[in-house]
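The values are calculated or read from the model by the stated rules, or taken from the named source; none is laboratory data. Please read all numbers here as calculations on a predicted model, not as lab measurements. Every residue, glycine among them, receives a Cβ derived from its backbone with ideal geometry; neighbour counts consider all protein chains shown. Note: accessible area is taken over every heavy atom of the protein model, side chains too, but ligands, DNA and RNA are not part of it. Shrake-Rupley method; radii C 1.70, N 1.55, O 1.52, S 1.80 Å.
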Amino acid sequence: MNILILGGGGREHSIAWAVMQNPKCDKLIVAPGNAGIAQIAECADLDILNGAAVVNFCEGNAIDFVIVGPEAPLAAGVGDRLRDAGLLVFGPSGAAARLEASKSFTKEICDAAGAPTAGYGHFTDAEAARAYVRAQGAPIVVKADGLAAGKGVIVAETVEQALAAIDDMFGGEFGDAGAEVVIEEFMEGEEASFFVLCDGETALPFGTAQDHKRVGEGDTGPNTGGMGAYSPAPVLTDAVAEKALEEIVRPTLKVMAERGMPYQGVLYVGLMIKDGQPRLVEYNVRFGDPECQVLMMRLGAQALDLMQAAAEGRLAGCAVNWADDHAMTVVMAATGYPGAYEKGSEIRGLAECPEDSFHMVFHAGTGERDGRIVATGGRVLNVTARGASLAEAAGRAYGMVDRIDWPEGFCRRDIGWRAL
Ligand code: AMP
Ligand code: GLY
């Protein structure tokens, strides 16, 4: 089978790594890829938001199966264009991708599904939004409705902060994403991510993870795209996962199918868990990054079979073959991230890191210059390991971090502290 993966971060490197282990994979191309991906697969320069260009590329390269990594091509309907052209695709339609692209859409689907989530109001004008905040009080959560690259959510501790967030959003700070605003009840509890493969009808749990969003140790400082993750998530016990499936995921899939937009792909179910009761924080229509890296490390080659079964509508009867293992990924980022940072610094020592089914350094933001690996982004490496316990996985991951010689980078030394 000839496979194309769309995307070029650590998430896509880990998917490529797992897919390559499956003997079914004859040829793998990743677009655009990065310097780490280029060591295991062919990389192609392709505008992945342009459906016609991606279809053309697939036809020219005899691609059989396309795996879409990030949300932007899904929201732009690239999956639809590919399916219209007769290609097999892992990832939802543009209509179903609104579960990530529109927060008010998701809230409305939750209402129809009876899925437990935060109470909310949906506003298209600032005055009504302000009145709602004054009536509800703080803490309260203000969200831009559309895709805002993870920046459109303000957890306001005071009414004044919430009012300022409303002004920013309606003032255009998040562009079109903030033309509509969702204001939510603040939910307390512990957050965890639940990944579920879906084929339009059947839901197959595909692993759990927790990530660390804050840049600083002890979960302090500004929010980032994620500084590390581990799987499984201890708070997401089998009982909580079963509740989340019964009360949130399956009713959502049923409503989506009834409305003519069956959901196919991976559903990232962000949960807030309190006293054993899960409530939905958000859906994403793709794997989390860096959560995907720990899932792929644990799943290995079977990830391809299961993603293919989802795309072909054959998930009923499929099962994940879990080992009794744990995985951790530590993100190495450029000094300054998530604020301003330098690009182009050289990373040495990668060749000293083992590469096997227990150890892998996935590249998130790297390029190659004269045979050297250089940093090209904020989050740059995902140092990932697996072990019989989380402590063993952590020891292996930090052992690799210590071999990497990159003075311009940094990482958190406490990934997994809650579970350890
Ligand atoms: P989202 O982009 O919806 O995942 O929101 C980003 C982060 O904001 C989440 O991971 C939570 O930590 C936090 N958050 C979002 N909504 C709520 C809520 N209703 N109550 C508490 N925290 C929330
Ligand atoms: N790690 C969070 C996300 O991928 O949205």
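Summary table below
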item	result
nm² value of the averaged projected area, convex hull over the Cα atoms of the stretch 118-185	3.7 nm²
Accessible-area order (highest first, 1.4 angstrom probe) of the listed residues E282, E242	E242, E282
Listed residues S389, S193, S102, most fluctuating in the chain (Gaussian network, C-alpha, under 10 Å)	S389
Residue with peak Gaussian network fluctuation, the chain [Cα springs, cutoff 10 Å], from T117, T202, T220	T220
Rounded to the nearest 10 Å², the accessible area of W322 at probe 1.4 Å	100 Å²
Label-to-label distance, nm, for residues given as E217 and Y398 (7 Å Cα→Cβ offset)	0.9 nm
Hits among aspartates and glutamates - C-alpha to C-alpha of K107 under 14 Å, sequence gap 8 or more where chains match	D145, E180, E184, E185, E282
Average Cα contact separation per residue, the chain, under 8 Å, 6 or more apart, as relative contact order %	17 percent
Cα centroid of the stretch 259-284 to Cα centroid of the stretch 1-50, whole Å	27 Å
Radius, Kirkwood style, for the stretch 314-420 when every pair of distinct Cα atoms is counted (Å)	14.9 Å
Solvent-accessible area per residue, Å², over the chain with all protein chains present [probe radius 1.4 Å]	39 Å²
Loop-located trypsin sites (Lys or Arg not before Pro) in the stretch 1-87, at most 15 other Cβ atoms within 10 Å (DSSP)	K24
Rg/Rh for the stretch 226-271, where both radii come from Cα atoms and Rh is the Kirkwood radius	1.06
For the stretch 201-277, convex hull volume per residue from C-alpha positions, Å³	119 Å³
Range of Cα positions in the stretch 262-384 per principal axis (Å), largest first	49, 32, 29
The stretch 277-319, accessible surface, carbon-and-sulfur percent (1.4 angstrom probe)	45 percent
Global form of the stretch 255-299, assessed from the alpha-carbon gyration tensor, a/c cut-off 1.5	oblate
Dipole moment magnitude, nearest 20 debye, the stretch 138-226 about Cα centre, only Lys, Arg, Asp, Glu C-beta charged	240 debye
Note, ³J(HN,Hα) from phi for the stretch 171-179, Karplus 6.51, -1.76, 1.60, rounded to Hz, x at Gly and Pro	x, x, 4, 10, x, 4, 4, x, 5
Cross-link table K24/K213; K213/K274; K103/K151; K27/K151, entries beyond 25 Å C-alpha to C-alpha	K24/K213; K27/K151
Estimated Rh, the chain: Kirkwood, alpha-carbon pairs, angstrom	21.8 Å
Accessible carbon and sulfur surface of the stretch 142-202 relative to its total accessible area, %, 1.4 Å	45 percent
Residue among P32, P222, P205 with the largest mean-square fluctuation in a Gaussian network model of the chain, springs linking Cα atoms under 10 Å	P222
Compactness of the stretch 190-244 - radius of gyration and Dmax, Cα, Å	13.5, 41
Full-stretch length increase - V320, D356 - with 0.36 nm per residue and alpha-carbon distance subtracted	10.9 nm
Rounded accessible area of D167 (nearest 10 Å², 1.4 Å probe)	70 Å²
